[in-house]
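Laboratory data are not the source of any read-out in this text; all were calculated from the coordinates shown. Bear in mind that the values here come from a model prediction, so they are computed numbers and not experimental data. Cβ coordinates were reconstructed from backbone atoms using ideal geometry, including for glycine residues, and neighbour counts include every protein chain displayed.
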């Protein structure tokens, strides 16, 4: 296992909600990353955005780990969930809030 895989696993373990995207939380660099940040802002839980725009090695490793080619990539409580297309569907079914409550021990 490469150190980049270890780095990703540590980042996922350190953050209950983690978004790998283009840009940062304060300066997103793509509409989909903005959309994902806005999605999680609604819930009021802390989350982290890690910019992988300039890190092709990490982007490739994430794509291999998740079998998901596009950004952003969202992890909640250590599990990969895809992007806002998936999360929007989950939200419509009422699945996001209970998931976040469980993740944050509420």
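So, of the residues in the stretch 12-36 that are without any contact (Cβ under 8 Å) to a residue 40 or more places away in the chain and out of contact with any strand residue (DSSP E or B) (no Cβ under 6 Å at 6 or more places or on another chain), which turns out to be surrounded by the most Cβ atoms within 10 Å (Cβ to Cβ)?
Here the answer is 28.
Suppose we filter 4, 19, 50 for residues that are within 22 Å of residue 106 (Cβ to Cβ) and in contact with a helix residue (DSSP H, G or I) (Cβ under 9 Å, 6 or more places away or on another chain); which single one remains? I'd like the intermediate steps shown before the answer.
Values: 4 fails: within 22 Å of residue 106 (Cβ to Cβ); 50 fails: within 22 Å of residue 106 (Cβ to Cβ).
Among 4, 19, 50, only 19 is within 22 Å of residue 106 (Cβ to Cβ) and in contact with a helix residue (DSSP H, G or I) (Cβ under 9 Å, 6 or more places away or on another chain).
Could you check the stretch 44-56 and list, in sequence order, the residues that are farther than 15 Å from residue 75 by Cα and in contact (Cβ under 8 Å) with a residue 12 or more places away in the chain?
Hit for the stretch 44-56 is 53, nothing else.
If residue 98 satisfies all but one of (1) surrounded by fewer than 17 Cβ atoms within 10 Å (Cβ to Cβ); (2) free of Cβ contacts under 8 Å to residues at least 40 places away in the same chain; (3) assigned to a loop (DSSP other than H, G, I, E, B), what's the number of the condition it fails?
With (1) surrounded by fewer than 17 Cβ atoms within 10 Å (Cβ to Cβ); (2) free of Cβ contacts under 8 Å to residues at least 40 places away in the same chain; (3) assigned to a loop (DSSP other than H, G, I, E, B) applied to residue 98, the lone miss is (3).
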